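The structure under discussion appears below in the form of structure tokens.
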Amino acid sequence: MPAPKIISRYIVRQFLMSFFAVMLMLGSVILLFDIIEVMKKEAVSSFGFSNILTLSLLKLPNMILTILPFIVLIASIIVFRRLTKSHELVIIRAAGQSVWQFIMPLLLTSFVIGVFSVTAFNPFSAAMFSKHQRMDDDRRGTPHITSSQGLWLREHRDGKMYVLHARGLHQSKYELNLKNVSILIFSNENVFLKRIDASNAFLTQGFFELKDARIFENGKLIEKQNILKMPTELTLGKIQENLASPETISFWDLPEIINFFESSGFSAHSHRLHLQSLLVSPFLLMTMILISAVFTVDPNQRRGGGALKISGAVVFGFLLYFMTRITYALGFSTALPIAFAVWSPPLIFALISVSILLHQEDG
């Protein structure tokens, strides 16, 4: 029999109150420490406290998404301990409600929070974090794009394939400068057609402007041109999105960007990994609810040891988060498949928690 609606609403209301209170408290602490960290690097008189505050506020939504599993864990612990200390949990159990019936509303609520964080809050967080990175680059006086390792691009257009390699690139405001550029042009049947070398290339709207270009083509003399314009569908924004961290890209834009990167010769591995980590986040929050229930919902309320149980729940939650970071790093290095790296930790901890709860409930 499902839990009565009035009990479900009461438990959910208690959880949401605790959730927003914990989020406000942890968010304030993170904001304070981030402001102090920036003030250590920048003098208030030169950078301005308003700029320091803005820089920290732009980063805060991304940090809240990072600590969201701990917010859910701590909020659920508070709710279960409050119900236990007020003996409301005893009354609920005496009314014939099993542990699954009164934690199910919290599981569904945490799932909804996870879906909202991915579909609605993540785009806002990504936009704010992107502005934070640009503002931080301006503060340090560094360009938004710079690399001495070079860049590879691939583009299919007009029945041909264009492979561009630049040995260096540098962004100055809205202009991208590529150095020592080589462009290989192939037919759709992978037959080599020509090669173009240039000392510099500038990406303008719809064109690569090549300077001091030399054109190599079979059976023809080397052709030299001071300025050569080549059409392209690539934009500065698309290149920036590839070189920027996946955290600056909205959840809704990730699939399209992944497809574009793979068709253009970019590696989309980190973006695929980030997309999977967003998809698993609602289930990670549900696992945190199960972990808190294992340690704070006890059929025998006379055993005591509340502090020890709370500590166990926190340690177990940190262990889950630590394992997700380890497997994420292994997935990023391609040592593990993406799906296994992202989904295995919450699945394993959820199965362990369910097994313990079944043992506690049924003996």
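Laboratory data are not the source of any read-out in this text; all were calculated from the coordinates shown. Given the structure is predicted, the values throughout are model-derived calculations rather than measurements. Cβ: placed from backbone, ideal geometry, glycine included. Neighbour counts: every protein chain shown.
By the rule of a C-alpha distance below 30 Å, with chain neighbours fewer than 8 residues away ignored, the lysines paired with LYS5 are LYS85, LYS309. Net length available on complete extension from HIS165 to LEU193 is 8.4 nm, with 0.36 nm assigned per residue and the Cα-Cα distance removed.
Net length available on complete extension from PHE207 to LEU279 is 22.2 nm, with 0.36 nm assigned per residue and the Cα-Cα distance removed. Exposure proxy for VAL191, VAL99, VAL163: other Cβ atoms within 10 Å of each Cβ, ordered fewest to most, give VAL191, VAL163, VAL99. The label point for PHE322 and the one for VAL12, both projected 7 Å from the Cα toward the Cβ, are 3.6 nm apart. Applying a threshold of 30 Å to the alpha-carbon distances of LYS160/LYS220; LYS131/LYS224; LYS41/LYS131 flags LYS131/LYS224 as lying beyond it. Considering only ILE222, PRO346, GLN97, and ranking their Cα positions along the charge dipole of the chain that arises from unit charges at the beta-carbon of Lys, Arg, Asp and Glu, the one farthest toward the positive end is GLN97.
Of all segments of the chain bounded by GluC sites (Glu not before Pro) found in a DSSP loop with no more than 14 other C-beta atoms within 10 Å, the longest spans 1-188.
Ordering ASP158, ASP212 by the number of other Cβ atoms within 10 Å of each residue's own Cβ, fewest first, gives ASP158, ASP212.
Between the residues SER50, TYR10, ASN180, the greatest Cα displacement towards the positive end of the dipole of the chain, with unit charges on the Cβ of Lys, Arg, Asp and Glu, is found for TYR10. The candidate values are (1) 27.0, 93; (2) 21.1, 68; (3) 20.3, 62; the one derived from this structure for Rg and Dmax of the Cα atoms in Å carries the label (1). Placing +1 on each Lys and Arg Cβ and -1 on each Asp and Glu Cβ, with no other charges, gives the chain a dipole about its Cα centre of roughly 620 debye. Look at VAL181, VAL342 and count the other Cβ atoms within 10 Å of each Cβ; fewest to most, that gives VAL181, VAL342. At a Förster distance of 25 Å, what's the computed FRET efficiency of ILE352 paired with ALA307, Cβ-Cβ distance as r, to 0.05? My answer for the efficiency is 0.65.
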